[in-house]
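As structure tokens, the structure follows; a few thoughts come after it.
Please treat every number below as a calculation from the coordinates, not as lab data. Given the structure is predicted, the values throughout are model-derived calculations rather than measurements. A quick note on method: Cβ atoms are made from the backbone with ideal geometry, for glycine too, and the neighbour counts reach across all protein chains shown.
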Amino acid sequence: MARHRTGRAVNERRMQAVATTVADAGFYAGLQPLDRFDRLADPAAYAPLPPDWGLGMVDIVDSTGAIAAGRYKEVNMAAASAIAAVANALGRSDIPYAFAGDGASFALEPAVAQPARVALARVAGWVRDELGLDMRIALIPVRAIRAAGHDLKLARFAVSPDVTYAMFAGGGLAWAERQMKDGAFRIEPAVAGDAGPDLTGLSCRFDEFPARRGAILSLIVTPAEDADMDRFTAVVRHLLRLADSETDGGHPVPVGGPGVPWSRRGRHLESRASAALKHRGRLSAAVLTGLRSSFAAAILAAGQRLGRFDPTQYLDQLVRNTDFRKYDDGLRMTLDCSAATAAGIEALLRQARADGIVCYGLHSQQAALMTCFIPSPMQSNHVHFVDGAAGGYAMAAQAMKTAAGPAA
């Protein structure tokens, strides 16, 4: 009888473990998508990640130096390549991630941690060998984040009926980034000659597109240390109201898309991404990319339906699916706004910082740029990462560090 009870207990534990794994795997899909961005200012909108998950992170070393050398398109491409590589390695695009201009973060369930680790190592090797940039990569257990006194929570924001983006809260991202920069939880990049990442669908063809209302404002706003979160939420909601005073909430991408011509540098970078798996040489990849981009430009310019592809519908989806505002332990936005709106935002944030509520960084420029991940142009789930064209989020983060002083 005792043996029977023991066996039953073991079976129950196994069943419970299986049930927990299934529940964890469906955690993100089970989060109810929010369709109002202002609701994301409420901490109650976020759910804690399961304890067995991990946080994948990448960032570009000395991104400010690359920006000063005029290479921010390459920096953006490198960060977006990590998203494409992980999504392609896992065979799905519905993974929780956040694009940060010069980096990216991923929430990874246990079953996908190893293939994601391999994909990140390969993309870091590709970024080093093809783009000449140094990419840090790390995989941090959620348990380690909580043991350090922080948390990691997720929400889903539906930018359109076809695309949702992950939003992060809890303070864990900032702690994990510091750990990564200190060398903890490091993943070594693939060595030269190893297999490259699968970057299918990664594209940065669009040229920079200019501000239409005055300037492209990149901003990052996080809670100050020991800030009252109700007061922080009130500041964020006030800021969102200021942004909403602009047409389309300050959306930087014009109706109908950013337009053509393509960027020559973007086509060059895309051809390198196309050759990443080493299925073809650089020359053949460059020729194929040039033909594809010329064909796509002609279709978009003509505006005429070709088979199942409707260029007008595609460009409408492009605008809707763009991630111009997000939460990753704070608010990030890329806004096309007037001088009056920009001044109002800065005045609000300056006062909130003086009151001990927020830390913030701003960076103004005259254009925005876009990097795209398009698994298939025939489907409506293509995603588009937008940032300021002259440093964007990376320079806003640098402004925040400068304001915080040497200890930041």
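Which of the residues spanning region 346-369 are part of a strand (DSSP E or B) and hydrophobic (A, V, I, L, M, F, W, C)? Reasoning before the result, please.
Just the residues of region 346-369 that are part of a strand (DSSP E or B), to begin with: 358-365, 367-369.
Val358, Cys359, Leu362, Ala367, Ala368, Leu369 - these are the residues of region 346-369 that are part of a strand (DSSP E or B) and hydrophobic (A, V, I, L, M, F, W, C).
Any residue at all in region 201-209 that's among the hydroxyl-bearing types (Ser, Thr, Tyr), within 21 Å of Val127 (Cβ to Cβ) and in contact with a strand residue (DSSP E or B) (Cβ under 7 Å, 6 or more places away or on another chain)?
First, the residues of region 201-209 that are among the hydroxyl-bearing types (Ser, Thr, Tyr): 203.
Still in the running and within 21 Å of Val127 (Cβ to Cβ): 203.
Then keep just the ones that are in contact with a strand residue (DSSP E or B) (Cβ under 7 Å, 6 or more places away or on another chain); that gives 203.
Yes, some residue in region 201-209 is among the hydroxyl-bearing types (Ser, Thr, Tyr), within 21 Å of Val127 (Cβ to Cβ) and in contact with a strand residue (DSSP E or B) (Cβ under 7 Å, 6 or more places away or on another chain).
Within region 143-160, which residues are touching a residue at least 60 places away in the same chain (Cβ under 8 Å), farther than 20 Å from Gly183 by Cβ and not acidic (Asp, Glu)? Write out each step before concluding.
Going residue by residue through region 143-160, those that are touching a residue at least 60 places away in the same chain (Cβ under 8 Å) are 143, 145-146, 151-160.
Within this subset, residues satisfying the condition of being farther than 20 Å from Gly183 by Cβ are 146, 151-160.
Residues satisfying the conditions are Arg146, Leu152, Lys153, Leu154, Ala155, Arg156, Phe157, Ala158, Val159, Ser160.
Please list, ordered by first then second residue, the pairs with beta carbon atoms under 8 Å, 6 or more apart or interchain, first in region 299-318 and more than 21 Å from Thr164 (Cα to Cα), second exposed (fewer than 11 other Cβ atoms within 10 Å of the Cβ) and of a type outside the set (S, T, N, Q).
Pro311/Ala302
Does region 151-174 contain any residue that is of a type in the set (D, E, K, R), in contact with an Asp or Glu (Cβ under 8 Å, 6 or more places away or on another chain) and under 22 Å from Tyr327 (Cα atoms)? Reasoning before the result, please.
Residues of region 151-174 of a type in the set (D, E, K, R): 151, 153, 156, 162.
Pick out the ones that are also in contact with an Asp or Glu (Cβ under 8 Å, 6 or more places away or on another chain) and you get none.
Within region 151-174 (the criterion being of a type in the set (D, E, K, R), in contact with an Asp or Glu (Cβ under 8 Å, 6 or more places away or on another chain) and under 22 Å from Tyr327 (Cα atoms)), the answer is no, since none of the residues qualifies.
Report, ordered by the first and then the second residue, all pairs with beta carbons closer than 6 Å, sequence separation of six or more or different chains, a first member in region 379-408 that is more than 18 Å from Met77 (Cα to Cα), and a second member that is polar (S, T, N, Q) and outside any strand (DSSP E or B).
These pairs meet every condition: Ser380/Gln317; Gln398/Thr64.
Regarding region 355-370, can at least one residue be identified that is within 22 Å of Ala215 (Cβ to Cβ) and of a type in the set (Phe, Trp, Tyr)?
Yes; the residues of region 355-370 include at least one that is within 22 Å of Ala215 (Cβ to Cβ) and of a type in the set (Phe, Trp, Tyr).
Go through region 125-180 and count every residue that is among the charged types (D, E, K, R) and either surrounded by 23 or more Cβ atoms within 10 Å (Cβ to Cβ) or under 30 Å from Gly70 (Cβ atoms) (or both). If you could, list the steps in order and put the result at the bottom.
The first filter runs over region 125-180 and keeps only residues among the charged types (D, E, K, R), leaving 128-130, 134, 136, 143, 146, 151, 153, 156, 162, 177-178.
Cutting the leftovers down to either surrounded by 23 or more Cβ atoms within 10 Å (Cβ to Cβ) or under 30 Å from Gly70 (Cβ atoms) (or both) gives us 128-130, 134, 136, 177-178.
Looking only at that region, the number is 7.
Going by the structure shown, is Ala195 surrounded by fewer than 21 Cβ atoms within 10 Å (Cβ to Cβ) and more than 22 Å from the chain's Cα centre (by Cα)? Give the derivation first.
Details: surrounded by fewer than 21 Cβ atoms within 10 Å (Cβ to Cβ): yes; more than 22 Å from the chain's Cα centre (by Cα): yes.
Spelling it out, Ala195 is indeed surrounded by fewer than 21 Cβ atoms within 10 Å (Cβ to Cβ) and more than 22 Å from the chain's Cα centre (by Cα).
For the list (1) buried (at least 22 other Cβ atoms within 10 Å of the Cβ); (2) in contact with a Gly (Cβ under 9 Å, 6 or more places away or on another chain), I need the number of the one condition that Pro375 fails.
(1)
Kindly establish whether Ala121 is crowded, with 24+ Cβ neighbours inside 10 Å and either in a helix (DSSP H, G or I) or touching a residue at least 40 places away in the same chain (Cβ under 8 Å) (or both).
Numbers: crowded, with 24+ Cβ neighbours inside 10 Å: no; either in a helix (DSSP H, G or I) or touching a residue at least 40 places away in the same chain (Cβ under 8 Å) (or both): yes.
Judged against the criteria, Ala121 is not a match.
For region 124-166, give me each residue that is within 18 Å of the chain's Cα centre (by Cα) and either outside any strand (DSSP E or B) or among the basic types (Lys, Arg) (or both). Spell out how you get there, then give the answer.
First, the residues of region 124-166 that are within 18 Å of the chain's Cα centre (by Cα): 124, 127, 135-140, 152-160, 162-166.
Listed by number, the residues that qualify are Ala124, Val127, Arg136, Leu152, Lys153, Arg156, Val159, Ser160, Asp162, Val163.
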